[in-house]
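Have a look at the structure below, then the notes.
The values are calculated or read from the model by the stated rules, or taken from the named source; none is laboratory data. These figures come from a predicted structure and were not determined experimentally. Every residue, glycine as well, gets a Cβ built from its backbone with ideal geometry; the counts of neighbours run over all protein chains shown.
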Amino acid sequence: MSILRKLMVMAALSAAMFVNAAYADNVKIALVVKSLGNGFFDAANKGAEEAAKELGDVDIIYTGPTKATAEAQIEVVNSLIAQKVDAIAISANDADALVPALKKAMDRGITVISWDSGVAPEGRQLHLNPSDTGLIGETIIKLAADYLPEGGEVAILSASSTATNQNAWIDAAKKVLPEKFPKIKLVATVYGDDDSAKSTDEAKGLLKSYPNLKAIIAPTTVGVVAAAQVVTDEGLIGKVNVTGLALPSEFKKFIDNGASQAVALWNPIDLGYSAVYLAHDLAVKKEEAKPGATLSIGRVGKVTLDDTNSAAMAPPFQFDKTNIEKFSKIY
Amino acid sequence: MTDTPAPRHIPDRLDKPLSSAIFSWEALLVAVAVAIFAINSFASPYFLDPWSLSDLTFNFTEKALIALAMALLIISGEIDLSVAAIIALASTMMGMAVQAGAGMPALVAIGIVVGLGCGAFNGLLVTRLGLPSIVVTIGTMSLFRGIAFIILGDQSYKGYPSSFAFFGQGYVWWVVSFELALFLVAAVIYWFVLHRTSFGRRVFAIGNNPVAAQFSGVRVDRIKFILFCLTGLMSGIASVLITSRLGSTRPSIAQGYELEVITMVVLGGVSILGGAGSIGGVVLAAFIMGLVTFGLGLLNVPGIVMSIFIGLLLIIVIALPIVWRRLRRERFA
């Protein structure tokens, strides 16, 4: 009886999947994200679908692990290799650990690019940065400094301690601090692992440990919401300003209630859109990814590859009371 | 209290219904594995490809190696939740050795020895101090991974020698990876030890009734200590494999593996209360978990659906024998 029941469940599941399995002979581009169920990546997928529509002959496979770990992402990459996709565009959970799996993909003729969170150069053909690391690092400090004319203590609430991009931005932020923002004192960097509960605990910890804290900078969409919620709940609106990188739709209420003055983000829709264009350039148009090459990214424009075959898409975009309403409806 | 046998139904041999349930359980697992295999072949045109099937095995071999030793440990009535943390610590030590210029043989030795050492540490705490293993290994889980985090922070070790890549990325013959070959060899060894030696019989005896086993002359603590060492050893070996496969070490390596290992063991029909189970069941469970996750992955089913599927499978596994026994008892009542 239990065998029968199990078989029935599996038969039903697989029947439901037959529908998805039927792909035409279109170019298959896999958009692999750090983890599913993240608004940022869902927005990127919107852009990817937009690019697919423009290009005409492209099917997007939007996929990623449930847990944001390198090991789980490798399993996803392995299944994409087995499906013989034409291109993989990945936002990596680990710059190094993904390299052997992605090398294997390239060995089997698959175009591999990374976007958002990069992979070491030997594991991909090119990398698309949403923006320039230095500019982002400066922007996240500036977001706090703009509202602290007297200066003061600030702390960073990051994603996981192994997140490639967050670490690079924080390093860049620390670099610009002494010369450009001498009054701003960075007192701590804590890690919320892009987990709401952990980020909330870490934000509460910061407020306890540093009673003079003037701003929490969270360069992650999960952390910034958690921090703003903590500041709201503890009645510290006006005393502690939460800022960082946030999705307008998720963060609108904290701009509205004053827990935050302004946040920034590049446009994830453009990012997914551009990643698909780049994958298409390499996989279908057979353009070569080499330093100095200029590649088209559709309506977003063009990018030029640097020495490590990396390119920057656009500078981060600031949201405050004047424009959050409009953008919160987009993503 | 009284020595008169009660008129109620008290079975004179407790192991009979249990063992028969296990036998039927293995048959069920085979049926499930075959069914999933068949469904996968129909559902995805890419499944029946030697290289796909080979890639599939990488999803579970490292965890399955640990599951073999964990099965023995759980049968003996203990558990080790620190296995993933042992992987992290062993991998970190290997990474340090690479920075110091160690060669491939030294790296393998360090990974295995660190794993063994961690297992022995767990074993000593449980057998010498008489602490419950679940408490001890929750503690060492944080301890081992904590040390890895202290050493590495948000950094990573890389630069492993190219000869080291063989263990996690190499193939011994055509599509048979080194990892798969090692797992199959280890499965045969563990099967022999558990089901064909007096050591294995003692493990079952301890799990069924440690006091009775002690009075029967079984050196309970010594066997438990050996089992903890074996689990540590297998974690060390798994650490070598995964470090080689990823080509780098981060302190968050193998995060959450302990639950997947225990899932495999329980899905394989090993009683979480100890005293019953088989290596055959664990091997089948490992393949089933690999088939399910890879099959659903080929169809790009979101990971959360896979988790739901594995979760349901697990609940059925645990509930089924209990429900079955209760039904039997009601019939006799």
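The table below lists the values:
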quantity	calculated
Residue that is farthest from the chain's Cα centre (by Cα) [pool: residues in segment B:228-286 that are surrounded by 24 or more Cβ atoms within 10 Å (Cβ to Cβ), part of a loop (DSSP other than H, G, I, E, B) and away from chain A (no Cβ under 14 Å)]	B:277
Matching helices (runs of 4 or more DSSP H) fully within segment B:68-170 where at least 1 residues are surrounded by fewer than 18 Cβ atoms within 10 Å (Cβ to Cβ), away from chain A (no Cβ under 14 Å) and β-branched (Val, Ile, Thr)	B:104-129, B:133-152
Selected residue (only one of A:170, A:217 is crowded, with 24+ Cβ neighbours inside 10 Å, farther than 21 Å from residue A:42 by Cα and within 23 Å of the chain's Cα centre (by Cα))	A:217
Test: residue in segment B:15-22 that is outside any helix (DSSP H, G or I) and at pLDDT below 90	no
Meets criteria (at pLDDT 95 or above and outside the structural domain of residue A:35 (by TED's automatic domain parsing)) for residue A:216	yes
Residue B:54 being in a helix (DSSP H, G or I), farther than 20 Å from residue B:33 by Cβ and within 14 Å of chain A (Cβ to nearest Cβ)	no
Residue match in segment A:136-146 (condition: surrounded by fewer than 19 Cβ atoms within 10 Å (Cβ to Cβ) and at pLDDT below 95)	yes
Qualifying strands (runs of 3 or more DSSP E) (wholly inside segment A:209-273; at least 1 residues being within 13 Å of residue A:157 (Cα to Cα))	A:213-218, A:241-244
Every residue from segment A:73-95 that is of a type in the set (A, V, I, L, M, F, W, C) and either more than 7 Å from chain B (Cβ to nearest Cβ) or touching a helix residue (DSSP H, G or I) at 6+ places or on another chain (Cβ under 6 Å) (or both)	A:74, A:77, A:80, A:81, A:82, A:85, A:87, A:88, A:89, A:90, A:92, A:95
Candidate set: segment A:52-79, residues that are β-branched (Val, Ile, Thr) and part of a loop (DSSP other than H, G, I, E, B); chosen: the one surrounded by the most Cβ atoms within 10 Å (Cβ to Cβ)	A:69
Options B:206, B:147, B:112, B:151: the member that is without any contact (Cβ under 8 Å) to a residue 60 or more places away in the chain and not charged (D, E, K, R)	B:147
Those residues of segment B:309-333 which are β-branched (Val, Ile, Thr) and over 20 Å from residue B:56 (Cβ atoms), in sequence order	B:315, B:316, B:317, B:318, B:322, B:323
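Okay, residues lined up against (1) part of a strand (DSSP E or B); (2) buried (at least 22 other Cβ atoms within 10 Å of the Cβ); (3) out of contact with any Pro (no Cβ under 8 Å at 6 or more places or on another chain):
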{"residue": "A:95", "(1), (2), (3)": "no, yes, yes"}
{"residue": "A:100", "(1), (2), (3)": "no, no, yes"}
{"residue": "A:104", "(1), (2), (3)": "no, no, yes"}
{"residue": "A:114", "(1), (2), (3)": "yes, yes, yes"}
{"residue": "A:134", "(1), (2), (3)": "no, no, yes"}
{"residue": "A:154", "(1), (2), (3)": "yes, yes, yes"}
